[in-house]
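Take a look at the structure below.
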Amino acid sequence: MGPHPAVAAIRLAVRRVLHDLLNDQQNPGAHPDRPAERPPSPLVLVACSGGADSMALASALAFEAPRLGIRAGGVTVDHGLQPGSDLRADEVVLRLRQLGLDPVESVAVTVGRDGGPEAAARDARYAALDALAERHGAAAVLLGHTRDDQAETVLLGLARGSGIRSLSGMAAVSGAGGRYRRPFLHVDRQTARKACMVQSLPVWDDPHNADPAYTRSRLRHEGLPALEKALGKGVVEALARTAQLSRDDADALDSWARQAESSVRDAGGLLECAKLYALPPAVRRRILRRAAIEAGAPAGSLFARHIEEVDRLITGWRGQGAINLPGKVVAQRQGGRLVIRQG
Ligand SMILES: Nc1ncnc2c1ncn2[C@@H]1O[C@H](COP(=O)(O)OP(=O)(O)OP(=O)(O)O)[C@@H](O)[C@H]1O
């Protein structure tokens, strides 16, 4: 008898990603900062919170990796935000070792105060995962984001009025050299939970995930169920499809903007307003955003409203003054040119 369908589904998802990874390593051109030499037995780490999604991911990695000549390890990050978080981290380490993963590490981080508490925890976590992956020379770090997480991200973006780059949600491959991989973006949360249950894997339920103080938690427990009730089942799947379609569109527009950029700069490299005006707004705004980031505006603090304001220097010129952007960047018109630089 084969494995339970839920276990088969999570293993297949991980097997696909491991195959992709091996292909990328044989084909280093796909990621220029990846070393051309393929290590004899690459190491893949799973980032595990102890929750159902990442425990399921760890179990599938432990099963599939040895069959492909890949070493499987694990890491859990202790954000130190709840009493007893260090004990939980120790427990996760133990469970990962029981699955046969090696090396397994717990990393304690200090969560800063920049942005909201969730964003600060995420920044600290990724910094720790980056450092650990470097230290072990890991070929990849797997993350347990599911199709449900993707659907929630799309809905949150829609509610904020975001553009299609935000609506494209989380990428299957991201980070330096394509380090982060998300094998479960097409696997639903129920399947991951079921896979843990039938394999008798104990899982930890983060109280934050059920706390109505958090937007994502309210969306998960109230928003999405209400949408499904009103519109029928399949909303999650449809939103995840929107993410994929948006990603393809956003990539195409980014590429168009990169190509158009040189044609809107004069010999001195300044942006020419008349030429920018002639471009479709989606392409023009991408060029303005890139110019602001190049001048030193931090990407994470540069919002659509900032770019819209700069855009009005092109499309609604009434002699307005300089626009201040995050990172002390200033955008202003000088005759027929747009200058974006450190103020
Ligand atoms: N404390 C942590 N240590 C290591 N990895 C983590 C940690 N928290 C989250 N991750 C990684 O990021 C992914 C997404 O995080 P998120 O907070 O959405 O998940 P979760 O609900 O905490 O737990 P899980 O995905 O494990 O059920 C996790 O699946 C896991 O791969």
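The values are calculated or read from the model by the stated rules, or taken from the named source; none is laboratory data. Keep in mind the model is a prediction, meaning the values are calculated, not measured. FYI the Cβ positions are ideal-geometry reconstructions off the backbone, even for glycines, and counts take in every protein chain you see. To get the accessible areas, we keep the full protein, side chains included, count just its heavy atoms, and leave off ligands, DNA and RNA. Shrake-Rupley method; radii C 1.70, N 1.55, O 1.52, S 1.80 Å.
Key figures for this structure:
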item: Cα-derived Rg over Rh, computed across the chain with Rh taken as Kirkwood radius; result: 1.02
item: Amide H contacts under 5 Å for Trp204, placed H, 5+ residues apart; result: Gly51, Ala52
item: Loop trypsin sites (Lys or Arg not before Pro), region 215-264, which have at most 16 other Cβ atoms in a 10 Å radius of their Cβ (DSSP); result: Lys233
item: Protein-only accessible surface order, largest first, of Asp102, Asp20, Asp78 at 1.4 Å; result: Asp102, Asp20, Asp78
item: Cα long-axis angle, helix 117-136 against the chain (0 to 90 degrees, to the nearest 10); result: 70
item: Solvent exposure ordering (accessible area, 1.4 Å, most first) of Trp204, Trp256; result: Trp256, Trp204
item: Under-5 Å amide H pairs with Val107, H placed in peptide plane, nonlocal only; result: Thr76, Val77, Asp78
item: Among 174-185, 316-327, the order from most to least packed when residues are scored by Cβ within 10 Å on average; result: 174-185, 316-327
item: Modelled label reach - Val339, point 7 Å along Cα→Cβ, region 238-280 residues with backbone N closer than 17 Å; result: 265-274
item: Distance in nm between pseudo-label sites at Ala210 and Ala226 (7 Å out along the Cβ direction from Cα); result: 2.1
item: Karplus-derived HN-Hα couplings along region 303-313 (A = 6.51, B = -1.76, C = 1.60, θ = phi - 60°), whole Hz, x at Gly and Pro; result: 9, 4, 5, 5, 5, 4, 5, 5, 4, 5, 5
item: Cα-based convex hull, region 39-147, per residue volume (Å³, whole number); result: 102
item: Helical contribution to [θ] at 222 nm, DSSP H n ≥ 4, -39,500 (n - 2.57), averaged over the chain, rounded to 500; result: -15500 deg cm²/dmol
item: Order of exposure, largest accessible area first, which applies to His186, His306 with probe 1.4 Å; result: His186, His306
item: Anchor Lys229: lysines whose Cα lies under 27 Å away (excluding residues fewer than 8 positions away in-chain); result: Lys194
item: Amide proton proximity set for Val187, modelled H, under 5 Å, gap of 5+; result: Arg147
item: Karplus-derived HN-Hα couplings along region 152-158 (A = 6.51, B = -1.76, C = 1.60, θ = phi - 60°), whole Hz, x at Gly and Pro; result: 4, 4, 5, 4, 4, x, 4
item: Note, ³J(HN,Hα) from phi for region 15-24, Karplus 6.51, -1.76, 1.60, rounded to Hz, x at Gly and Pro; result: 4, 4, 5, 5, 4, 4, 5, 5, 4, 4
item: √(5λ) per eigenvalue of the Cα gyration tensor, region 265-342, largest first, Å; result: 17, 13, 13
item: Solvent exposure of the chain as accessible area per residue, Å², 1.4 Å probe; result: 51
item: Carbon plus sulfur fraction of accessible area for the chain, probe 1.4 Å, in percent; result: 53
item: Approximate shape of region 143-221 as ellipsoid semi-axes (Cα gyration tensor, √5λ), whole Å, largest first; result: 23, 19, 11
